[in-house]
Each structure stands twice: as C-alpha cells, then as structure tokens.
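All remarks here apply to the structure that follows.
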Number of protein chains: 2
Amino acid sequence: MNALETLSARVAERKHVCVGLDVDREKIPSRLLESDAPTFEFARAIVDATKTHAAAYKLNFAFYESEGVEGWRALCETLGYIKETAPGALLIADAKRGDIGNTSKKYAQSLFDYFGADAATLHPYMGVDSLAPFFERADKLNFVLALTSNPSAADFEKLTLEDGTPLYRAVIAKAKSWNERKNVGLVFGATQLGELKENAPLFGELPVLLPGVGAQGGDLSAVAGALLEAGVRNFLINSSRGIIYRTDGEDFAEQAAAEVRRMNDAIDEVYRNVGA
Amino acid sequence: MNALETLSARVAERKHVCVGLDVDREKIPSRLLESDAPTFEFARAIVDATKTHAAAYKLNFAFYESEGVEGWRALCETLGYIKETAPGALLIADAKRGDIGNTSKKYAQSLFDYFGADAATLHPYMGVDSLAPFFERADKLNFVLALTSNPSAADFEKLTLEDGTPLYRAVIAKAKSWNERKNVGLVFGATQLGELKENAPLFGELPVLLPGVGAQGGDLSAVAGALLEAGVRNFLINSSRGIIYRTDGEDFAEQAAAEVRRMNDAIDEVYRNVGA
C-alpha cells in the first residue's frame, strides 16, 4: 500500500487521530530515565497501547535532534519499531524541511529512504522546485504547511495578497496544482476554526493534517465537524502533549490509549451528527 | 566574541566568502572513499586549505542527514573541527528550521548547543513565535530566508501583497523589527540581482547571507557592488559546488583555496571601484 492508501484505509474505519510523538526526556516518567533508551521505551509503550486506535504517528524531529547523534539513533529505532508494530498507521516525519532542489533531494532521501517514513511535513516558502524532490515520491504523502496553529501564523501566512486573499490560500491553490501524483497534502492548524470552515471546501482531494488539538487548545469536535460538513474525509487530527503526557505515573501509556479512544468516540459522534 | 563580532572582524579584512560545505559522497574524490570518514576527511582538507581566506563555513545539513546517524556523526565531527581550526570564521548551520515555539526551542538547542554553530538559517513562514527561541540567543546570528536563489522563489516569496510590495519585503521589514538583540540577518539570493539592487538600501543593520554564486550562476562582482553601493558591509557571499568541487583530482583543496582567493580578489576590486 502506498501512503494515501494507508491513510484511506484508516479513515474508512473512522480513525483520524494522529498521535504526536514530541518525546521530551524532561517530560517522560522519571523511572524510564533508568533505561538505556528512555525515549525509545516511552514511545514503544505509547505505540503498543495505541496502535489499534491511532490512524497515524507523527514524529517531531526537533525533540530527537536536540539530543544529537544519540537522538537520531533513538529516532531511527522508534520509526523502525512503529513500522513493524503498527504497519497500518501512517508514519509521519514532522521535520518541516524545504530547500533548493539538490538539497531537498537529500532531505527526501533522509526522511523517506533512511528513516522509512510514509509522509513528511514541508515548508512552502521557497516554492515548487524546493518541494519537487518530495513530490517525485509517488508512494509517499507530503503535507505542505498552509495555515499553522501558532498565533504568529498571522505574521505572513495570513497576509493579504493583491487579489484580496490570504497568502495561505495561495499555498492551498498551488498544492492542488502540484497533486498530479496524489501525494500532496496540507497542514492546517486546528486552532484556526474560522479559517478552517471557510477553506475546507477548497481542499478538494488533498489530505489534511491538523495539529493544535490538545495543549494548543483546538476544539476536536468543531474541527471534525468543519471537515466532514465540507466533505473532507482524508484528515488527521494530531494531538501530542494532550495524548502522551496525561500523567507521569506508571499508566501513562494506558492513559494515552484512553485519550485516543475518547477522541475517536468524539469524532464518531460528529460523523453521526453530520450524517456523514 | 559573539557571532556578529566574528563576522564583523572578518568583514573588516574585506573577507566575505562563505564556503558552502554541501559534502556529497558521490562528488568527493573517489580515493577518499577508502577512508573511514570520507566526508570528514574531505571537509577537513577544504578547511585546512581555506581557513585564512574564508569568512565563514556553511554546513548544509541535508547532505549529512541523507546518511542518517553516521551522517550526523560526521556533521558533528566536522563542525567541531572547524570551530577548533578556524575559530575566526563564522560557522553556519544551514538547516532551514522553523516550527512552533516549543519545537523551535529544541531545534535551537540542536544547532547551537549540540552542534555549537554560530549561526543558523531559518524559514520565516510560521512567523515570529516560530523564530523567537532562536532570537533569544544573543550570541548567535539567525539568517531568516527573505528572497531565495531558486527560480520558484517566484511562487510565494515574490507574490504581491495588497500594499503593492512583494512578500519577501514584508519579511525584511519584520526581520528588522526582530533585531533587538542584534542577532537577526537575512538570506537573499545572489541570483536575484535586480531585487538585490532595489532592496539592499532597506537592509539596514541586518547582516546578509547570499547563496547562489557559483553553480547557480550569481554574478559575484555585481552582487558585491550592489551591496557596497548601498552601504551594506556585513555580507557573506556563499559558493558551495563552485568552490569545493572544482576538480576531483588530488589538488581539490588547493583548487578550492585558489577559488576563495580569486573571489576575495574580485570583491577587493569592487571595493576599490566603488571607493568604499
């Protein structure tokens, strides 16, 4: 199965929750620090507990990169474990890369060939030739940042262009034009509910990754409702801290799984309410 | 010395050349592949030969990341070697990072604390809160992408805003407003000569990193002239492939050094012509 098929299969089961693995040594239960590989052990427990409920796992590269070579080793082991243990879940490298063509080609090799991710997140600022080496990979999914979840998305993403539309809408339009291989998607912040309602009807066939539910305050049911009402089915709603750090007790993984199930139930209720 | 002082000291000697270390196993002389650490040996030879002539070294993270954990190890060793061998040169982590605040904080730790870089390149798309963890580092330099050297810079960077100015000019204006700690700079493509002439007078105190000379075709003397005529002194002109891959013979490092000297001489001639 290619990445889009993996996503579509999960979505057909009404599974839309992406578990964000922002694995931070300072936040994981302290007893794990006695292990040789604390961040791996933490992620493994989360994945074991959530693998039948989650639609996707999103690995935040920054949290691993801050630990240098050892962090990259843990990232590699963690991605390998997820691929083996939860083959039906989409494996997203949340690395937000983007550079000139010959350099982006190397980033694509890193994320897709070395780490074996199914999908990546990408910065659109430098335009299509900076993304093309990713788009050449027909079996992958490439989520391009459109409107992000953070407050300063207003600085540039929401700037009004001469035609009266915001910059992020130009990204959405370009992304649709780049989707010849059915492997382009969007990142759209779950905190941007008004903009989501307005723009979801424009997404077309593009899968959407929505961060910002949980610690950032996005409203899960409202977000799912906006998407389903617009006919968007291939969406993933990510929560990171809101799932993986519910407790620092022994039962952190069970609590994470309970939260994913709760999110699944809430989305299922939205399906029923919308009649989708 | 902080990063700005390091840059200023080099610039005072009319040294403006940044050696771009896009170290690619497929392009380095084949005899180096017999070594245990080919990319490190290649970079070491280049640095040894160029250290008195170069103003800065720019490490392209993608080329190392495509080799995974071993690539990161080589990157770490290479950065450490440059810091020790060429302490007067600015050490730039060309990683083009940018994410929400708690994540960018981890990227800053990776580039500045783990790798010990003096400077980083950053994507502006997500706005100031995605850059703030970098800007908090008063001793570093943070080069924000304004107008890049690649053709598809036209896709978004050059889009016209409602006030009639291009998006990249809004980035320049914001970057100036973010420069309270004198640690913000710009990336401006050396291939964009018309735009450079028009915008250099707006750069103010911001240091500028200009990629695109060499393989990408930017005109060194014209670029240096546009900057000096606008009164911009803190600039670095980067060439990567045009310096490090002049030959695959035994004398690749000497040829790289000769090219850096040739670039220095050309810039020196521009100083004389401009009367700066």
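Read the figures in this text as sums done on the coordinates, not as results from a lab. Not measured: the values here are computed from a predicted model. Heads up, the Cβs are rebuilt from the backbone with ideal geometry, glycines too, and the neighbour counts pull from every protein chain shown.
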**Request:** Take every DSSP beta bridge whose two residues both sit in chain B, then give the antiparallel share in percent to the nearest 5.
**Result:** 5
**Request:** Quick one: what are the phi-derived ³J(HN,Hα) couplings along the range A:102-111, Karplus 6.51/-1.76/1.60 with θ = phi - 60°, whole Hz, x for glycine and proline?
**Result:** 5, 7, 4, 4, 5, 5, 5, 4, 4, 6
**Prompt:** Using alpha-carbon positions, what is the distance between the centroids of the range A:236-276 and the range B:57-115, in Å?
**Reply:** 36
**Message:** If each label sits 7 angstrom from Cα along the C-beta direction, how far apart, in nm, is residue A:151 from its counterparts in the other copies?
**Reply:** 4.2
**Request:** With r as the distance between the Cβ atoms of residue A:219 and residue A:30 and R0 = 41 Å, compute the FRET efficiency 1/(1 + (r/R0)^6) and round to 0.05.
**Result:** 0.80
**Message:** On the principal axes of its Cα set, how long, how wide and how thick is the protein assembly as shown? Give whole Å, largest value first.
**Reply:** 75, 54, 40
**Complete:** the range A:183-247: spread of alpha-carbon positions along the three principal axes, whole Å, largest first, is 38, 26, 14
**Item:** Calculated label separations, residue B:265, copies of the chain, 7 Å along the beta-carbon direction, nm
**Value:** 7.7
**Message:** For a quick check: with amide H placed at 1.01 Å from N, whose amide H comes under 5 Å from residue B:209's, ignoring anything fewer than 5 positions away on the same chain?
**Reply:** B:186, B:187, B:188, B:236
**Pair residue B:262, residue A:48: separation of 7 Å Cα→Cβ label points (nm)** = 6.1
**Request:** Please give the contour-minus-distance gain from residue B:274 to residue B:250: 0.36 nm per residue of separation, less the Cα-Cα distance, rounded to one decimal in nm.
**Result:** 4.8 nm
**Asked** With all pairs of different alpha carbon atoms counted, what Kirkwood hydrodynamic radius in Å does the range B:229-271 show?
**Response** 11.6
**Prompt:** Per-residue HN-Hα couplings for the range B:55-65, Karplus 6.51 cos²θ - 1.76 cosθ + 1.60 at θ = phi - 60°, whole Hz, x for Gly and Pro?
**Reply:** 8, 7, 10, 10, 8, 8, 4, 4, 5, 7, 5
**Asked** For the range A:236-245, in order, what is each residue's ³J(HN,Hα) by Karplus, 6.51 cos²θ - 1.76 cosθ + 1.60 with θ = phi - 60°, in whole Hz (x at glycine and Pro)?
**Response** 10, 9, 9, 9, 10, 4, x, 9, 8, 10
**Prompt:** Taking a label point 7 Å from Cα toward Cβ, how far is residue B:205 from its twins in the other copies, in nm, shortest first?
**Reply:** 5.2
**Message:** Using only DSSP helix segments of four residues or longer, with each worth -39500 (n - 2.57), what per-residue ellipticity at 222 nm results for chain A after dividing by its residue count and rounding to 500?
**Reply:** -12000 deg cm²/dmol
**Amide H contacts under 5 Å for residue A:21, placed H, 5+ residues apart** = A:58, A:59, A:60
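Among DSSP bridges having both ends in the range A:119-212, what percentage is antiparallel? Round to the nearest 5.
Values: 1 of 12 bridges.
Of all bridge pairs located within the range A:119-212, approximately 10 percent are antiparallel.
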**Prompt:** If you build a Gaussian network model of chain B, linking Cα atoms that sit under 10 Å apart, which residue out of B:23, B:184, B:11 swings the most?
**Reply:** B:11
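With charges only on Cβ, +1 for K and R and -1 for D and E, what is the dipole size of chain B about its Cα centre, in debye, rounded to 20? Please list the in-between numbers first.
Working: 30 positive and 39 negative charges, 128 e Å.
The dipole magnitude comes to about 620 debye.
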**Prompt:** Counting only residues 5 or more places away or on other chains, whose amide H sits under 5 Å from the amide H of residue A:148 once H atoms are built in the peptide plane?
**Reply:** A:189
**Asked** In Å and whole numbers, how far do the C-alpha atoms of the range B:3-274 stretch along each principal axis, longest first?
**Response** 57, 48, 34
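Given a Förster distance of 41 angstrom, what is the FRET efficiency for residue A:139 paired with residue B:180, based on the Cβ-Cβ distance and rounded to 0.05?
My answer for the efficiency is 0.35.
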